[in-house]
Amino acid sequence: MPCSRLVTSDDWPEAELRAAVLAGELVAVGACWASPVEPQTPSLRAAAAAWTLQDARLIAGTRTAAWIWGATSRPPTPLEAAISPQARVHVDAGVRLREVVIDPTDVVRMGTLHVTTPLRTAIDLLRTPSTGERTFGTAQAEAVLGLITIGAVGVTEVEERLCGLGTIPLVRQASRRLRALLEPAQPALVADRR
């Protein structure tokens, strides 16, 4: 295995990599592969995402960021990234790109990749439009619940951030979605306390 913790199709032919997976010698990490004993950390998943999101101006966001943080077990297909509205970049079909203004405090650098913070990731997922190419659905809901479940964000923290956003689009809908995501868990919590 190369010095990197990841192996890519740049290192070995993809057929050999897939054969190594079948033999139990490698496991998939996004579009890359790693030893099965390699801990699946956010930095490892970020390095795997960076192999596809090679332009330094791209910011891994929404479900891609949720996967990097460990809130979901698999990366989305295609990967989801954000870029400043002023920047112009070409991406291949394996990347879904959206233009968005992101405050520098909402981004962390992991190796060569910029990733939205867990809080910004949850906010962006909750504010996914209800119509069009990108819609709020089960995958987004599970990613938000995953971020909460692993402790990457707290419900109060998300609620406070949404309240602080004022009247920007989809904030009220995001608050309703968060409450709806938490409601099914409420009866189980009451039942467990009896």
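For the stretch 27-46, the set of residues classified as within 13 Å of the chain's Cα centre (by Cα) and touching a residue at least 60 places away in the same chain (Cβ under 8 Å) consists of Pro42, Ser43, Ala46, listed by residue number. Candidates in the stretch 79-116 are the residues that are hydroxyl-bearing (Ser, Thr, Tyr) and surrounded by fewer than 18 Cβ atoms within 10 Å (Cβ to Cβ); of these, the one that is farthest from Leu44 (Cα to Cα) is Ser84. Restricted to the stretch 148-181, and to residues there that are among the polar types (S, T, N, Q) and free of Cβ contacts under 8 Å to residues at least 12 places away in the same chain, the residue that is surrounded by the most Cβ atoms within 10 Å (Cβ to Cβ) is Thr156.
Looking at the stretch 62-84, is at least one residue part of a helix (DSSP H, G or I) and at pLDDT below 95?
no
Yes or no, residue by residue, for (1) at positive phi; (2) in contact with a His (Cβ under 7 Å, 6 or more places away or on another chain); (3) in a helix (DSSP H, G or I); (4) among the aliphatic types (A, V, I, L, M):
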residue	(1), (2), (3), (4)
Ser4	no, no, no, no
Leu17	no, no, yes, yes
Pro36	no, no, no, no
Pro39	no, no, no, no
Ser43	no, no, yes, no
Ala50	no, no, yes, yes
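Filtered by the rule that a residue be within 21 Å of Leu44 (Cβ to Cβ) and assigned to a loop (DSSP other than H, G, I, E, B), the stretch 6-15 gives Leu6, Thr8, Ser9, Asp10, Asp11, Trp12.
The values are calculated or read from the model by the stated rules, or taken from the named source; none is laboratory data. Keep in mind the model is a prediction, meaning the values are calculated, not measured. Using ideal geometry, Cβ is built from the backbone for each residue, glycine included, and neighbour counts are taken over all protein chains shown.
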